[in-house]
Amino acid sequence: MNDMISNRMVTRDIQLDKKKEKSIEEYMHFLMKSNKETNLISRKMTRDNLLCLIQETLFIGPLVSKPGIIDAGSGNGLLGVPLAILNKKRPVVLVETKKKKVSFLRKLKSQMSLDNIEIYEGPIEDYLRKTPSENFSLVTRGFPRLEIILRYLHKGIVREILVITAKRKMIKIKKGMESITQKIYNIPFRDNIVIYKMENVSRET
């Protein structure tokens, strides 16, 4: 089983060691087991499907330039948890509003002893309003209203955002984007999903 993970979890920038492979396997097992009680992922999701999504997450790791990570709308943890496993010295904040998913994340953190993870129950707007976040990169996937988090990028509350999304969704958000540095990274095994990296490099707030 670990050999299977090793063969598929290699990107151009990352190759997981055995300990991290085991942690990813433990996370997937706990997620699929918990999904039988709480709707965390599609019931049709297979282990291979889940592994592909995690592999997409791992492409974000080398692109993060800030010391910490905030996962906006963490849900089942498919962004924040693998990134926390990838670098256990990096603080990762999982921000989620739904109580059932928060409960899952807390159980997961406890079971896997992921001490670099912090869980915040509430909207991302509240977290960013209360907490200094200049030294954190904000990551998200499927966030319903990206203009909300881009507002904080413009204000300098966060300096860097990485989004896994379809190109067409980002094209719709044009207002104010001229002042934001943007880079697009292709995911090799996906032709319709990319990683957008957006940075506010201005010293003004």
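The values are calculated or read from the model by the stated rules, or taken from the named source; none is laboratory data. Treat the numbers as computed from the prediction; the structure is a model and nothing was measured. Cβ atoms come from the backbone with ideal geometry, glycine included; neighbour counts cover every protein chain shown.
For V102, are the conditions met, namely being under 18 Å from the mean Cα position of the chain (by Cα), under 22 Å from I195 (Cβ atoms) and either at pLDDT below 95 or surrounded by 14 or more Cβ atoms within 10 Å (Cβ to Cβ) (or both)? Taking the combined requirement at face value, the residue does not satisfy it. Only a single item in (1) surrounded by 14 or more Cβ atoms within 10 Å (Cβ to Cβ); (2) of a type in the set (A, V, I, L, M, F, W, C); (3) more than 12 Å from A72 (Cβ to Cβ) is not met by V163, and it is number (3). Taken residue by residue, region 126-140 has no member that is assigned to a helix (DSSP H, G or I) and within 18 Å of K22 (Cα to Cα).
If the condition is being at pLDDT 85 or above, surrounded by 20 or more Cβ atoms within 10 Å (Cβ to Cβ) and of a type outside the set (S, T, N, Q), then region 137-160 contributes L138, V139, R141, Y152, L153, V158, R159, E160. Quick one: which of E118, E134 is surrounded by fewer than 21 Cβ atoms within 10 Å (Cβ to Cβ) and under 16 Å from the mean Cα position of the chain (by Cα)? Answer to the check: E118.
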